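In what follows, a structure is listed as structure tokens, so that the remarks can point back to it.
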Amino acid sequence: MAMDESGNARSEAHESAFETCNAGKPAALLFLCDHASNAVPPGLGDLGLCQEAFSTHIAFDIGAAALTRHLATAFDAPALLGRWSRLVVDLNRGADDPTAVMKLSDGRIVPGNREADVAERVARYHAPYHQAVEAKIDEALSQGLLPILVSMHSFTPVWRGVPRPWHIGILWDKDPRLARALMDRLSREGDIVVGDNEPYSGTLENDTLYRHGTMRGLPHVLIEVRQDLIGSEQGLAVWQKRLEGVLRDALHAMGPSRIDFSRPLALKNTKGSPVMDENTKTELEAAAFRKLVAHLRERHDVQNIDLMNLAGFCRNCLGDWYREAAAGKGITLGKDEAREVVYGMSPADWKARYQKAASPDAQAQFAAKPPHQH
Ligand SMILES: [Zn+2]
């Protein structure tokens with residue numbers, strides 16, 4: 001255990017950067033609450049602000065922590081909550097984002113942040129939280145679960161003098177799976193004004209869901225609830241029940257969790273800064289796909305049925321994935337046309353040339369498997 005100069009155990013700071021709720025529950029669903037707390041670590045005093053500032057939205061997301069805990073318990077799922085105020089360091093920003101440590105918040109200067117040691121703040125209060133999220137996801141994956149991430153926030157009803165009409169905002173980037181299902185379900189309530197990427201946009205790179213959801217291909221959504229709705233115990237009781245029902249239905253509508261990359265695959269970078277631009281990433285992914293196709297063309301001795309039995313996919317699946325991707329861009333391809341991209345000839349020609357009669361063993365194995373989905 002490393003000690004700092006004052007003799008304090010460093011691991012204490014590490015452990016106190018976040019709080020886990022229902023730690024022992026399997027994370028098929030993982031709740032996150034970046035802005036749960038208005039507390040400031042003892043060493044940082046009051047950041048030069050008056051006490052009153054800490055009861056406002058600039059310090060934390062009012063009601064969000066209680067709502068997160070309720071949902072975690074209702075869904076029998078774990079939750080990770082930030083332990084310190086967003087004014088110390090904003091957990092929903094990349095570590096090198098200039099707004100991670102805010103010098104100005106909603107028009108108010110934060111004196112204690114003017115000369116802040118940002119690297120120190122990140123190391124003590126930001127990195128451990130995100131490592132904990134990562135570890136929770138890894139643990140779930142090792143148990144065969146593909147966690148669905150639900151990040152809970154709340155927003156101030158009036159921003160710069162302008163009242164906000166939305167009751168609830170659904171924030172998302174490029175993965176519509178849970179966001180769409182939630183917005184549809186919320187709209188059916190009839191009396192809820194739903195924000196689609198309002199009052200904020202969910203497309204900020206390197207925010208919490210970008211890092212843990214988008215980059216890992218896991219379904220995710222950020223739910224913003226207007227603070228006046230959940231600022232009192234009475235309101236909280238009403239809205240946590242309503243949201244619980246809505247989320248349950250939306251998860252059901254979304255269907256089983258799968259890994260789906262909605263953005264190009266990124267290299268991991270501990271600082272969260274981009275290693276290369278999105279086009280370059282896409283080109284590298286395409287290069288890997290071309291190599292795979294070339295390999296399969298050379299290895300025509302490898303039979304589709306054996307691929308299916310062993311790995312649950314075959315050349316036809318690759319062709320169908322290509323076709324689906326084209327359809328996503330509004331380009332209609334025939335089944336055989338798309339599969340030809342993989343085979344390098346018509347699938348019928350390939351079959352005539354290279355397909356061998358499957359052994360009874362392989363046939364029995366294939367028949368015993370549930371029909372695969374693409
Ligand atoms: Zn927030």
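On the basis of the beta-carbon distance and an R0 of 41 Å, Glu233 and Ala119 show a calculated FRET efficiency of 0.55.
The lysines whose alpha-carbon is closer than 20 Å to the alpha-carbon of Lys291, local same-chain residues fewer than 8 away aside, are Lys281. Couplings 3J(HN,Hα) for region 220-230, derived from phi with the Karplus relation 6.51 cos²θ - 1.76 cosθ + 1.60 (θ = phi - 60°), are 7, 7, 10, 10, 9, 10, 5, 5, 5, 6, 10 Hz, where x marks Gly and Pro.
Across the alpha-carbon atoms of the chain, the computed radius of gyration and Dmax are 24.5, 80 angstrom. Residues Thr214, Thr56, Thr282 ordered from highest to lowest accessible area at a 1.4 Å probe: Thr282, Thr56, Thr214. Normalised by 2.2 N^0.38 Å, where N is the number of residues, the alpha-carbon radius of gyration of region 213-264 equals 1.48. When the chain is treated as a Gaussian network with alpha carbon springs shorter than 10 Å, the biggest mean-square fluctuation among Phe261, Phe313, Phe155 belongs to Phe313. Would you mind calculating the relative contact order of the chain from Cα pairs under 8 angstrom and at least 6 residues apart, reporting the percent as a whole number? The value is 14 percent.
Counted over all Cα-Cα pairs of region 171-270, pairs farther apart than 24 Å make up 28 percent.
Taking 0.36 nm per residue of separation and subtracting the current Cα-Cα distance, fully stretching the chain between Arg258 and Leu141 would add 41.0 nm. Using a probe of 1.4 angstrom and keeping all protein chains present, the accessible surface of the chain works out to 51 square angstrom per residue. On a 0 to 90° scale, report how tilted helix 315-328 is relative to the longest principal axis of the chain, with both axes built from alpha carbons and the result rounded to the nearest 10. It is inclined by approximately 50 degrees. With a point put 7 Å past each Cα toward its Cβ, work out how far Ala357 is from Thr280 in nm, to one decimal. Modelled inter-label distance: 5.4 nm. Length, then width, then depth: along the principal axes, the Cα atoms of region 92-157 run 47, 33, 14 Å. Which whole-percent values make up P(r) of region 104-255 when all C-alpha to C-alpha distances are grouped in 5 Å steps starting at zero? Going from the shortest bin to the longest, the percentages are 2, 8, 15, 18, 18, 17, 13, 7, 3, 1. Within the straight-line cut-off of under 18 Å between alpha carbons, the aspartates and glutamates reachable from Lys335 are Asp320, Glu324, Asp349, sequence neighbours fewer than 8 places apart in one chain being disregarded. Taking the longest Cα principal axis of the chain as reference, the axis of helix 177-188 is set at about 60 degrees. Across region 325-364, counting alpha-carbon atoms alone, Rg and Dmax equal 14.1, 41 Å.
When the Gaussian network model of the chain links Cα atoms closer than 10 Å, the mean-square fluctuations of Ala181, Ala294, Ala325 top out at Ala325. With the helix formula -39500 (n - 2.57) applied to DSSP H stretches of n ≥ 4, the chain reaches a computed 222 nm mean residue ellipticity of -12000 deg cm²/dmol. Dividing the C-alpha radius of gyration of region 278-368 by 2.2 N^0.38 Å, with N its residue count, gives 1.19.
Converting phi to 3J(HN,Hα) with the Karplus coefficients 6.51, -1.76 and 1.60 and the offset θ = phi - 60°, region 249-266 yields 5, 5, 5, 5, 5, 5, x, x, 6, 9, 8, 9, 8, 8, 10, x, 5, 10 Hz in sequence order, with x at every glycine or proline. Counting only Cβ charges, +1 for Lys and Arg and -1 for Asp and Glu, the dipole size of the chain around its Cα centre is about 980 debye.
The values are calculated or read from the model by the stated rules, or taken from the named source; none is laboratory data. Remember, predicted model here, so these are calculated numbers, not experimental data. Glycine gets a Cβ as well: all are built from the backbone with ideal geometry, and neighbour counts include every protein chain shown. Ligands, DNA and RNA are excluded from the accessible area calculation, which covers all protein heavy atoms including side chains. Shrake-Rupley method; radii C 1.70, N 1.55, O 1.52, S 1.80 Å.
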